[in-house]
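First up is the structure itself, then whatever we jot down about it.
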2 protein chains.
Amino acid sequence: MINIEDSIFNVLKTCLSRYEQDFLPLHAPIFQGNEWAYVKECIDTTWVSSVGKFVDRFEQDISDFTHVKHTVATVNGTAALHMCLHVAGVQAGEEVLTPALTFVATTNSISYCQAIPHFVDSNQHTLGVDAKKLADYLADITEIKQGVCYNKHTQRPIRALIIMHVFGHPVELDEILAICQKYNITLIEDAAEALGSYYKGQHVGHHGLLSTLSFNGNKVITTGGGGAILTNDTKLAQRVKHLTTTAKVPHSWEFNHDEVAYNYRLPNINAALGCAQLEQLDDFLVKKRQLADTYQHAFKDIKGVSCIIEPKNTKSNYWLNALCLDSNNLMLRDKILKITNEQGIMTRPIWTLQNKLPMYKECPSMSLDTALLLEKCIINIPSSVM
Amino acid sequence: MINIEDSIFNVLKTCLSRYEQDFLPLHAPIFQGNEWAYVKECIDTTWVSSVGKFVDRFEQDISDFTHVKHTVATVNGTAALHMCLHVAGVQAGEEVLTPALTFVATTNSISYCQAIPHFVDSNQHTLGVDAKKLADYLADITEIKQGVCYNKHTQRPIRALIIMHVFGHPVELDEILAICQKYNITLIEDAAEALGSYYKGQHVGHHGLLSTLSFNGNKVITTGGGGAILTNDTKLAQRVKHLTTTAKVPHSWEFNHDEVAYNYRLPNINAALGCAQLEQLDDFLVKKRQLADTYQHAFKDIKGVSCIIEPKNTKSNYWLNALCLDSNNLMLRDKILKITNEQGIMTRPIWTLQNKLPMYKECPSMSLDTALLLEKCIINIPSSVM
């Protein structure tokens, strides 16, 4: 009888045979549209840098796609997260709730505000912040004083909650927003992985006061490096634009800047790539769903492992497909990672829990039972668009 | 008799007639080399993002050009400055000496470390930090305690000095380095504008413990947006590379990060542009000198105004040419800016002194007599390579 690790390898090999490639990356970009034409236009016109028509167009195109009113393009997703927390008013020494199970950029963005990450547990279906556990936890550890939510144990204000739509699967947005409203905590959506993901029929990014996207090379669409801030709040959008462009006061020639600000602009040449990519997004999403279907069908009868599927009431972009090992097979994770990677099928575990990283070890945290389990059982598998 | 403002306008028009353009920008990039070939290679191979051969090559090419041992490419010059101060050990609440006469990015980078800018005056020939004034000032206001230089008035440590090579003209590096050594202050060179500038026959960037470049669209060469950190210190170079790439600990698949770090990577597609631009830099520098010569020759006999020329012992890249109004003609500055800009010749004043910006008004400062004069008398004129 064939063992689980070999049967997983064989199924992956079969599912991926149509790529006809010796090495299968986890997620490679694909450029089959107007990428060359738009980038060449930047070079030919010399508008490659901090202003140019593609930045404006890319921002408008993202808003048109997500139906979030305002988009501000940024140099990457990390910069976008930093700006969201900054304009949300997160102050030094305050706490920001954030999933333990996320990429380190989410957590670092809190540090950039000299604020303190406070880790929360995940839901085993959404892989993101668990609404029920969050509600119970906040009821237990917080008190509201003059409208501000305080951590009773540390006496620090809890100013914001970042949620992250892991692998593109939306979290329980309605429930989580209700909790934030009850406790007067600002909700920020880290939708870095979730362009093209829907919650109850609406694109993600509408529940957060501000939300972020990433266009890193491994994302659904790429600008080389890049990100964006989305918000339905016009004043906040203007403020974010001002702060990401050195807070320069408009004038024909004078260099006046009215607050400490940032150079977080997306260059026009990167935005040009993004405009071309965005034209193909609908097609990418169809193909990503097809690959997810292929995996789900192929792994249906394989014992000891299952595919992560989109949560109820959502339509995921299936950015990264993931396998979940049954609880009695967790010891196989590293063996499977080794076999697949050695044979040219790139696989990855999910991120190390943030509270285990040396710089975040001392941060406050709720008990992280589900996140700990997910850390042990998840294996990401190749998910590029064909 | 023709007035000064009209004669300046006429001379500019004559000097710039060979561009045969209706609108003359201050500094536009020029792409006549392998830009398209290299960028296309990125798109064809899909290596557009955070790793790729052009990033490595660009870093090596910059080191080969400047002879500074190590180069780490960054997402822009602001990020580069922030990282220099960070790895130089600048702590919250410490002071960093910095010219009042600089672009706001220099000053903001100090704020990102929660440190306090402390403004110093400029030299009327170099336009950068004045060595003599700095020496006198430090002798007056500092005391050394256990090897650390303290501001006697604020009781705060003075940890670093940033110097900026304004418009590409190198400051008095030997004298300034000697002062830094005497007071145990770390020297950082902001060479954003000075790629291709030499001090006593050596490229700038060797005197600072760390130095920075910018490849913004208006610089001598451009990557769209981009920057670099230069250092001859191998350990610091490794640390900067680690910190600008999320401090990920190398592993075949695990996501471990060992300190709070940044996503300050230059994308490969931007580096590709930079590699092509760098191949043309020698030619650009020759042409920039020719234009500087043209201006200097043409303005020689114009009363009331002179050209800023490279300081003694230096060879400037003449990134931006600048006129200097005589002290009795300062009231003409805005009139000249208006006339030229209205007629398609883009001109600019130098930056507003940093201590006048609202967020930096309360910062410590020496008397800024020369900087105040330079602020009033300088007008930058079109300086693109033809």
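In summary, A:A371 fulfils each of the numbered conditions (1) outside any helix (DSSP H, G or I); (2) in contact with an Asp or Glu (Cβ under 8 Å, 6 or more places away or on another chain) with the single exception of condition (1). A:K335 passes every criterion in (1) over 30 Å from A:L173 (Cβ atoms); (2) surrounded by fewer than 19 Cβ atoms within 10 Å (Cβ to Cβ); (3) in contact (Cβ under 8 Å) with a residue 40 or more places away in the chain; (4) away from chain B (no Cβ under 13 Å) apart from (4).
The rows are residues; the columns are (1) in contact with a strand residue (DSSP E or B) (Cβ under 8 Å, 6 or more places away or on another chain); (2) of a type in the set (K, R); (3) farther than 28 Å from A:Y264 by Cβ.
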{"residue": "B:K53", "(1), (2), (3)": "no, yes, no"}
{"residue": "B:I62", "(1), (2), (3)": "yes, no, no"}
{"residue": "B:M83", "(1), (2), (3)": "yes, no, no"}
{"residue": "B:P99", "(1), (2), (3)": "yes, no, no"}
{"residue": "B:T106", "(1), (2), (3)": "yes, no, no"}
{"residue": "B:D136", "(1), (2), (3)": "no, no, yes"}
{"residue": "B:V148", "(1), (2), (3)": "yes, no, yes"}
{"residue": "B:N151", "(1), (2), (3)": "yes, no, yes"}
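For the condition buried (at least 19 other Cβ atoms within 10 Å of the Cβ), among the aliphatic types (A, V, I, L, M) and over 30 Å from B:P349 (Cβ atoms), what is the one hit in B:I144, B:I162, B:I185? Before the answer, list the steps.
Details: B:I144 fails: buried (at least 19 other Cβ atoms within 10 Å of the Cβ); B:I162 fails: over 30 Å from B:P349 (Cβ atoms).
On inspection, the qualifying residue turns out to be B:I185.
Counting only residues that are among the polar types (S, T, N, Q), within 14 Å of another protein chain (Cβ to nearest Cβ) and outside any strand (DSSP E or B), region A:217-252 holds 6 of them.
Can you tell me which residue among A:V39, A:V11 is among the aliphatic types (A, V, I, L, M), part of a helix (DSSP H, G or I) and more than 27 Å from the chain's Cα centre (by Cα)?
Working: A:V39 fails: more than 27 Å from the chain's Cα centre (by Cα).
None of the other options fit; the residue is A:V11.
Given the options B:T74, B:T102, name the one that is within 30 Å of B:S327 (Cα to Cα) and modelled with pLDDT of 95 or more. Please lay out each step first, then the result.
Values: B:T74 fails: within 30 Å of B:S327 (Cα to Cα).
Among B:T74, B:T102, only B:T102 is within 30 Å of B:S327 (Cα to Cα) and modelled with pLDDT of 95 or more.
Of the residues making up region A:266-309, those that are surrounded by fewer than 21 Cβ atoms within 10 Å (Cβ to Cβ), of a type outside the set (A, V, I, L, M, F, W, C) and in contact with a Gly (Cβ under 8 Å, 6 or more places away or on another chain) are A:E279, A:Q280. Kindly provide the set of residues from region A:12-44 that are charged (D, E, K, R), touching a residue at least 24 places away in the same chain (Cβ under 8 Å) and more than 8 Å from every other protein chain (Cβ to nearest Cβ), ordered by number. Result: A:K13, A:R18, A:D22, A:E41.
Wholly within region B:78-194, which strands (runs of 3 or more DSSP E) include no fewer than the required count, namely at least 2 residues that are free of Cβ contacts under 8 Å to residues at least 12 places away in the same chain? Talk me through it step by step, then tell me what you get.
On the way: elements: B:95-99, B:116-120, B:142-145, B:148-151, B:158-164, B:186-190.
Those strands (runs of 3 or more DSSP E) span B:142-145.
How about region B:191-212: which of its residues are closer than 15 Å to B:V240 by Cβ and within 14 Å of chain A (Cβ to nearest Cβ)? Answer for region B:191-212, where residues must be closer than 15 Å to B:V240 by Cβ and within 14 Å of chain A (Cβ to nearest Cβ): just B:T212. Which residue is farthest from the other protein chains (Cβ to nearest Cβ), if the candidates are limited to region A:45-56 and must be surrounded by fewer than 17 Cβ atoms within 10 Å (Cβ to Cβ) and in contact (Cβ under 8 Å) with a residue 24 or more places away in the chain? Once the filter is applied, the top-ranked residue is A:K53. Within region B:259-288, being part of a helix (DSSP H, G or I), of a type in the set (A, V, I, L, M) and either within 16 Å of B:T71 (Cα to Cα) or facing chain A (nearest Cβ under 10 Å) (or both) holds for B:I269, B:A271, B:A272, B:L273, B:A276, B:L278. State whether one or more residues within region A:57-74 are more than 21 Å from the chain's Cα centre (by Cα) and free of Cβ contacts under 8 Å to residues at least 40 places away in the same chain. Looking through region A:57-74, none of the residues is more than 21 Å from the chain's Cα centre (by Cα) and free of Cβ contacts under 8 Å to residues at least 40 places away in the same chain.
The values are calculated or read from the model by the stated rules, or taken from the named source; none is laboratory data. Since the model is a prediction, treat every value here as computed from it, not as a measurement. Note: ideal-geometry Cβ built from the backbone for every residue, glycine included; neighbour counts use all protein chains shown.
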